[in-house]
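One structure is given here, and the rest of the page talks about it.
The values are calculated or read from the model by the stated rules, or taken from the named source; none is laboratory data. Values in this document were obtained by computation on a predicted structure and should not be read as measured data. Using ideal geometry, Cβ is built from the backbone for each residue, glycine included, and neighbour counts are taken over all protein chains shown.
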Amino acid sequence: MNDIFTNCKLKNGFGPTVQASAAATSPTKRPLSPDHPNPALPITETPSPAMNRMGWALRILLVADNSSCLKDRKVSGKLIRKCAPGTELVDWLVNLSPIVHTRAQAAGMWQALVEEGVLAHVNKEQPFKDKCFLYRFRLDEEGGTAAAGVPQAEDLGAANEHIREGLSALFQRGPDATLRMILRKPSHERTSEELELVFEELVHIAALSHLSTSIKRELSSIFVFEAHAQAGTILFNQGDEGRSWYILLKGSVDVVIHGKGTVATLKTGDDFGKLALINDAPRAATIVLKENNCHLLRVDKEHFNRILRDVEANTLRLQEHGKDVLVLERVAKQRGQHSAFKYTVMSGTPAKMLEHLLETRLGQSVGGMDPFLDDFLLTHIVFMPVVQLVDELANYFHCDAHEDAQTPEDREYIINFKKRVIQFMQKWVMAVRHAAFEEPSVCDFIEDLAAEVEADPDLNEETSIVHNVLTQMARYQEDRNQNAGQKWKLPPNGQPICLFSGNATPSKTVIRPDDDIIFRVYCADHTYCTLRFPMHTTAELIKACAADKLQLNRGPEDLVLVEVKSNGERSVFKDNDVSIPTGLSLNGRLFVSVKDHLDALTQLQEQEGPTEGVDIDLEILSTKELAYHITLFEWDLFWAVHEYELLYHTFGRHHFGKITANLDVFLRRFNEVQYWIVTELVSTPSLSKRVGLVRKFIKLAAYCKEYQNLNAFFAVVMGLSNMAVSRLQQTWEKIPSKFRKIFQEFEALIDPSRNHRAYRVFVGKLQPPLIPFMPLLLKDMTFAHEGNKTSLDGLVNFEKMHMMAQTMRTIRFCRSRSLGLEPPSPKSEGEVRSYISSFRVIDNQRVLTAMSQKVEPTRKL
Ligand code: CMP
């Protein structure tokens with residue numbers, strides 16, 4: 001970091017005005033606030049040997065000079081020994097050496113002695129000025145032997161010698177001393193020439209290089225110089241309110257974090273203390289001086305907010321132990337914020353992001369959900385498993401465990417931290433609901449928290465939050481017990497059926513990882529066995545068990561579990577895949593096969609035909625009632641999908657060992673509706689009936705749109721646009737133009753061009769409840785996943801997590817109000833309900849096209 005400061009000329013100052021403090025290992029609070037520095041006072045506790053010696057030599061020469069300006073004078077009736085006016089000291093120095101050309105140079109050299117306390121204004125009220133103010137040497141103030149009498153020849157010789165050798169060093173220090181003097185004056189006392197001087201120096205500071213000239217000019221008048229003497233002095237503490245931003249001009253500081261110790265050392269040219277100002281958050285770390293005599297430039301918060309806050313650098317990087325741990329980037333203002341921008345997390349290590357979140361996004365208000373917090377809660381399973389998150393939270397909560405003596409300030413800090421962890425738990429449950437309770441480690445942690453909150457009077461206010469979380473946890477556990485032993489069946493054709501559920505509203509039954517499912521596994525000769533396994537069972541176990549039952553007599557390494565689709569396509573499961581049965585395509589079948597004999601697998605005859613469903617004359621069913629019940633049915637399926645399932649689906653459920661059964665069923669339903677439309681049309685030989693059906697389906701799409709079931713709307717319109725349907729020329733010719741026009745509008749709405757712009761604009765105007773077109777949400781997830789790395793230089797790419805969370809939030813938004821549709825007047829409610837719950841479907845495009853050809857052979861030209 002040093003190199004960014006190589007051109008900075010503000011250097012060579014000497015230490016501090018603050019009192020001594022403890023060693024760096026046990027930092028103590030800053031004892032003296034240098035908020036209003038006085039340029040008349042020294043910046044060091046004692047002069048450096050070099051300046052001491054220079055002061056001695058100059059004084060000897062002055063005293064020896066017959067026409068010396070150093071005289072005893074009476075001021076306001078009081079005798080002051082050996083003092084001289086600033087103007088005469090300047091005259092004398094200009095005459096002394098040819099290297100001193102100007103009065104300003106000489107004044108700077110005298111100020112270099114003033115700032116170390118070698119020379120001082122007689123009343124300690126003025127820095128060195130080329131004016132009539134009186135100054136005298138420290139030696140004369142002390143009145144020691146050196147002060148008395150005419151100097152010996154020997155001393156005179158030594159003084160002359162020293163001046164010859166050392167004056168140029170003093171000469172070089174002059175400009176910096178002048179600058180420090182200006183920077184210690186109150187803003188309003190800085191003259192325009194002085195501001196110009198400061199401005200010229202600021203140009204060389206790398207930490208300011210991104211700022212415009214006009215901003216640097218403004219900074220010239222508000223920068224304050226601070227000097228600190230002792231290593232170990234605390235500049236500010238983690239958790240303090242942020243009041244200033246600093247640039248380190250000389251020396252180094254340690255960045256210390258509770259529970260971690262020193263995480264970074266900042267050097268000359270580095271800046272710090274911006275984070276708290278930008279985020280309006282408490283200090284993220286304690287800053288401890290690592291060396292004696294550190295020099296800093298300071299900008300106080302009100303000026304920072306006025307001048308710098310909105311023009312700050314685009315990227316902010318925090319390091320720990322030499323490695324980036326958090327990268328923040330400027331984002332444009334959101335409405336209602338008083339600044340034009342704020343910083344958002346771009347990437348970071350999981351633990352640092354959590355720490356940043358706890359310290360900047362919690363604690364102030366328990367109200368709304370912060371977007372960064374929400375993104376983190378929705379996506380942390382990708383980069384920070386629940387167990388690790390709980391561990392980190394427990395560490396934060398117990399950050400006082402190793403600290404014996406606590407000052408009241410420490411205690412306040414620790415209590416704040418505990419409060420934040422409790423608030424985090426509350427928001428966690430709010431964001432992901434029951435999923436938060438699925439890990440036993442989370443439940444244990446919540447119980448620990450509850451016990452600690454009960455026992456700690458400082459956490460009284462948090463009791464209601466903890467009770468609320470406990471109640472939700474108890475409700476989840478009760479619900480889980482009630483539904484223990486839930487059982488499903490995947491019929492050879494159709495949707496999974498719930499055989500048993502303790503749920504009071506069976507339609508809203510969520511498929512859980514330990515629910516059993518009964519399904520078939522075939523082998524190459526089309527014999528099969530029926531298995532019953534929990535949903536989360538791996539492909540490996542299913543394979544082994546099926547092979548055993550089907551007496552394949554091969555080791556598991558020779559076998560694969562594979563889906564054979566109705567078109568004969570095969571897709572092999574990974575050994576660690578879970579929720580296998582629900583993941584099959586509509587008419588797909590599960591096979592166990594010898595690896596080398598995959599090619600021998602053929603689909604079953606029955607896979608070509610329609611699935612079993614209610615055979616009914618569609619004409620007699622009310623279209624509105626169909627749309628209504630389709631929407632109710634799909635709402636329940638949509639309701640059961642957890643946002644996490646989108647992540648499992650996108651990253652691959654085998655990465656998480658988590659099931660995606662509810663999402664699988666919902667996606668299956670989309671295909672089912674789509675192929676139902678096609679199947680019905682191509683299996684209706686009568687032209688007039690087909691025409692009636694097309695009209696009915698267009699109306700069905702219109703009702704689905706009206707009910708805001710866009711998933712079914714897409715499925716129906718896509719079904720009608722399927723090649724096997726769109727080629728039915730005779731049928732379409734007979735569709736009234738009014739219907740054709742409506743259908744064209746629908747097709748325009750599902751048009752995928754410009755990334756489904758038409759649909760996105762349309763859906764963007766809707767209010768919940770609504771059922772979104774789920775395949776597009778999954779496409780957005782996949783796009784975000786495949787277009788962006790999860791990890792960037794060892795840090796989590798949080799921008800990617802944000803993109804994914806946006807999509808997951810769409811689902812939350814769609815369900816944020818419950819469905820309360822006005823039911824159409826029932827005509828055949830029971831029949832409609834059972835009809836729509838399982839459609840008869842052929843999903844083999846080749847078969848559908850052949851059937852289409854059969855009902856309407858291609859016209860010969
Ligand atoms: P702020 O939170 O205002 O005060 C402490 C400062 O330490 C912080 O701003 C950063 O500027 C600086 N800092 C440097 N490295 C780190 C780090 N790894 N974690 C937190 N703060 C850091």
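Observations on the structure shown:
- Filter result (in a helix (DSSP H, G or I) and either hydroxyl-bearing (Ser, Thr, Tyr) or within 26 Å of the chain's Cα centre (by Cα) (or both)) within segment 294-314: Lys301, Phe304, Asn305, Leu308, Arg309, Asp310, Val311
- Test for Arg53: is it closer than 19 Å to Glu141 by Cβ and more than 60 Å from the chain's Cα centre (by Cα): no
- Among the residues making up segment 836-861, a single one is small (Gly, Ala, Ser) and touching a Leu at 6+ places or on another chain (Cβ under 8 Å): Ser852.
- Restricted to segment 193-293, the set of strands (runs of 3 or more DSSP E) holding at least 1 residues that are touching a residue at least 24 places away in the same chain (Cβ under 8 Å), away from the ligand (no atom under 16 Å from the Cβ) and closer than 23 Å to Gln319 by Cα comprises 244-250.
- Among all residues of segment 607-623, there is at least one that is crowded, with 21+ Cβ neighbours inside 10 Å and either in a helix (DSSP H, G or I) or at pLDDT 95 or above (or both).
- Filter pass, Arg317 being of a type in the set (Lys, Arg) and away from the ligand (no atom under 13 Å from the Cβ): no
- Checklist (1) within 25 Å of Leu41 (Cα to Cα); (2) assigned to a helix (DSSP H, G or I) applied to His162, failing item: (1)
- Criterion violated by His536 - all others in (1) in contact with a Pro (Cβ under 7 Å, 6 or more places away or on another chain); (2) part of a strand (DSSP E or B); (3) not charged (D, E, K, R) satisfied: (2)
- The set of residues in segment 676-704 that are of a type in the set (Ser, Thr, Tyr) and farther than 17 Å from Met723 by Cα comprises Ser686, Ser688, Tyr703.
- Subset tally (residues that are in contact (Cβ under 8 Å) with a residue 60 or more places away in the chain and part of a helix (DSSP H, G or I)) for segment 66-102: 1
This table checks each residue for (1) within 36 Å of the chain's Cα centre (by Cα); (2) of a type in the set (Lys, Arg).
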| position | (1), (2) |
| --- | --- |
| Met181 | no, no |
| Arg190 | no, yes |
| Glu200 | no, no |
| Phe223 | yes, no |
| Ala231 | yes, no |
| Gly242 | yes, no |
| Lys250 | yes, yes |
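- When Leu693, Leu647, Leu632, Leu687 are checked against the criterion of being surrounded by 23 or more Cβ atoms within 10 Å (Cβ to Cβ) and either within 30 Å of Pro736 (Cβ to Cβ) or not aromatic (Phe, Trp, Tyr) (or both), Leu647 stands alone in meeting it.
- Residue within segment 321-344 that is within 8 Å of the ligand (Cβ to nearest atom), buried (at least 20 other Cβ atoms within 10 Å of the Cβ) and within 23 Å of the chain's Cα centre (by Cα) present: yes
- In segment 294-309, residue farthest from the ligand (Cβ to nearest atom) [restricted to those that are in contact (Cβ under 8 Å) with a residue 40 or more places away in the chain and within 19 Å of Arg330 (Cα to Cα)]: Ile307
- For segment 70-80, filtering for residues that are surrounded by fewer than 16 Cβ atoms within 10 Å (Cβ to Cβ) and touching a helix residue (DSSP H, G or I) at 6+ places or on another chain (Cβ under 6 Å) leaves 0.
- As a summary of the residue check, Gly568 satisfies the conditions (1) farther than 26 Å from Ile659 by Cβ; (2) out of contact with any strand residue (DSSP E or B) (no Cβ under 9 Å at 6 or more places or on another chain); (3) assigned to a helix (DSSP H, G or I) except for the one numbered (3).
- Complete set of residues in segment 725-780 that are surrounded by 18 or more Cβ atoms within 10 Å (Cβ to Cβ), in a loop (DSSP other than H, G, I, E, B) and not aliphatic (A, V, I, L, M): Pro769, Pro772, Phe773
- Pairs are defined by a Cβ separation below 8 Å, a sequence spacing of at least 6 or placement on different chains, a first member in segment 25-49 that is modelled with pLDDT of 90 or more and surrounded by fewer than 18 Cβ atoms within 10 Å (Cβ to Cβ), and a second member that is part of a loop (DSSP other than H, G, I, E, B) and β-branched (Val, Ile, Thr); the pairs so defined are Leu41/Thr17.
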